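Inspection log for the structure reproduced underneath, given as structure tokens.
The values are calculated or read from the model by the stated rules, or taken from the named source; none is laboratory data. These figures come from a predicted structure and were not determined experimentally. Cβ placement follows ideal geometry from the backbone for every residue including glycine, while neighbour counts extend to all protein chains displayed. Ligands, DNA and RNA are excluded from the accessible area calculation, which covers all protein heavy atoms including side chains. Shrake-Rupley method; radii C 1.70, N 1.55, O 1.52, S 1.80 Å.
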Amino acid sequence: MNDNYLGKTIKELRLEEGISQRELGKRLNVCNQTVSFWEGGQREPDLDTLLKIARYFQVTTDFLLGNGE
């Protein structure tokens, strides 16, 4: 991903929701360290998890990936 757009977007959405990395991890069935890795750009979620993230935050995958903006 360019400039960790996905990770930054996940973090922004999480903070807008007012939840911790641990809480987001619980809701997505991943550990909080995984969320930290996404937000820091060390890892990216797989396709199924990307869809779960989009559904949870009620956004499109295109929005998460920075397409079409």
The Kirkwood hydrodynamic radius of the chain, taken as the inverse of the mean 1/r over all distinct Cα pairs, in Å, comes to 11.8
So for R0 = 25 Å, FRET eff. of residue 5-residue 33 from the Cβ-Cβ r, to 0.05, ends up at 0.75
On the accessible surface of the chain, probed at 1.4 Å with all protein chains in place, carbon and sulfur together account for a percent value of 43
Applying the span-like rule to the chain (DSSP H, Cα extent along axis at least 24 Å, Kyte-Doolittle mean at least 0.0) gives none
For the chain, dividing by residue count, accessible area per residue (probe 1.4 Å) in Å² works out to 65
What helix-only [θ] at 222 nm does the chain give? Using -39500 (n - 2.57) per DSSP H run of at least 4, over all residues, to the nearest 500, the answer is -19000 deg cm²/dmol
Taking a crude spin-label model, label points 7 Å out from Cα along the C-beta direction, the residue 17 to residue 55 distance in nm is 1.3
